[in-house]
Amino acid sequence: MLAILKKEFFHFIHALIAYLVILVFLTFIGLYTWVFPESSVLDYGFAELDSLFSFGPIAFLFLIPAITMRSFAEEKKDGTLELLLTKPITDWDLIIGKYLAGLLLVVFALLPTLIYYYSVYSLGNPVGNIDTAAVFSSYIGLLLVGAVFVSVGIFCSLLSTNQIVSFITSLILCYVMYDGVHRLALLSLWDNAGYLIDLFSLDYHYRALSKGVADARNITYCLSVIVVMLSLSKLKLGSRQW
């Protein structure tokens, strides 16, 4: 598994994918956090990082499928997956290794945003006038959203040999899980049942974590989705049908 993790992560770096993803993510988030007047911390007047945590999942929605689309699709298309499966590694080693490589890239994309936290912390009046607990709870939530999206991307990459198809499939599925279910729950036809439907949306649990309370139920939901998606990936890979 560690060999797969190392191979995948260094492939990202050598192909400049890692740098491109981190640059696009930081540019997108930086513009909304510091530049655009409707969301700028400087214009808003409050020591908060709401812009980062509001637009972070949207950025991940596009960037993570772009990261994961080649995970298996490229290997299947090039015929190297069969060769890889002849080596003394299990299907789980292969899946977890590729998953952790994608997740590690997400972590590296988030790390530079700690500078935003330090900047807002320093600019506060008085200095340090920021809800640190809420910020780091939101970071946990954003990392979990990224972790869920990576697991979805890994599964979708197994569904096709075409990277573009994998990207679009992953994008749609991530959107449905994050915001689609939430939008469905808002429909008036559900009456009180809308709340129960919303419990299955990733957005609901992310919003709960963003309030500053790292509730075990919200973390458990995200981890459960990750386990389900990776298990589906294992079933698909184990079928040897591609």
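Bear in mind that the values in this text are calculations on the coordinates, not laboratory data. None of these values were measured; they are calculated from a predicted model. Reconstructed Cβ throughout: ideal geometry from the backbone, glycine too, with neighbour counts over all protein chains shown.
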Which one of TYR116, THR161, TYR99 is farthest out on the positive end of the charge dipole of the stretch 2-239, using unit charges on Cβ (Lys, Arg +1; Asp, Glu -1) and the Cα centre as origin? THR161
For GLU82, GLU38, what ranking results if the residue with the fewest other Cβ atoms within 10 Å of its Cβ goes first? GLU38, GLU82
Given R₀ = 45 Å, what would the calculated FRET efficiency be for SER188 paired with LEU31, taking r from the Cβ atoms and rounding to 0.05? 0.80
Tell me which of TRP190, PHE136, LEU23 sits at the most positive position along the dipole axis of the stretch 2-239, charges placed on C-beta atoms (Lys, Arg +1; Asp, Glu -1). LEU23
Working out 0.36 nm times the residue gap between ASN125 and LEU223, then minus their Cα-Cα distance, what length gain in nm do you get to one decimal? 31.5 nm
Measuring from the longest principal axis of the C-alpha atoms of the chain, the long axis of helix 2-14 (C-alpha) lies at a number of degrees, nearest 10, equal to 70 degrees
Mean 1/r over distinct Cα pairs of the stretch 113-172, inverted to a Kirkwood Rh in Å, yields 13.9 Å
Ratio for the stretch 71-206, C-alpha Rg to 2.2 N^0.38 Å, reads 1.38
Using only alpha carbon positions, build the gyration tensor of the stretch 58-106, then give the equivalent ellipsoid semi-axes as the square roots of 5 times its eigenvalues, largest first, whole angstrom. 23, 13, 6
Have a look at the chain and give its Rg and Dmax from the Cα atoms, expressed in angstrom. 19.1, 61
If one compares the long axis through the Cα atoms of helix 50-68 with the longest principal axis of the Cα atoms of the chain, the angle in degrees, nearest 10, works out at 10 degrees
Taking the stretch 5-36, which chymotrypsin sites (Phe, Trp or Tyr not before Pro) meet the DSSP loop condition and have no more than 16 other C-beta atoms within 10 Å? none
Using a 10 Å Cβ count of at most 16 others and DSSP loop calls, identify the longest part of the chain lacking such trypsin sites (Lys or Arg not before Pro). 1-210
Rounded to the nearest 10, the angle in degrees between the Cα long axis of helix 216-239 and the longest principal axis of the Cα atoms of the chain comes to 20 degrees
Residue order, fewest to most surrounding Cβ atoms within 10 angstrom, among VAL35, VAL135, VAL176: VAL35, VAL176, VAL135
What does the helix-only formula give at 222 nm for the chain: each DSSP H stretch with n ≥ 4 adding -39500 (n - 2.57), the total divided by the residues, and the result rounded to the nearest 500 deg cm²/dmol? -22500 deg cm²/dmol
Entries in LYS211/LYS236; LYS6/LYS234; LYS7/LYS211; LYS6/LYS211 that, when Cα-Cα distance is taken, lie over 28 Å: LYS211/LYS236; LYS7/LYS211; LYS6/LYS211
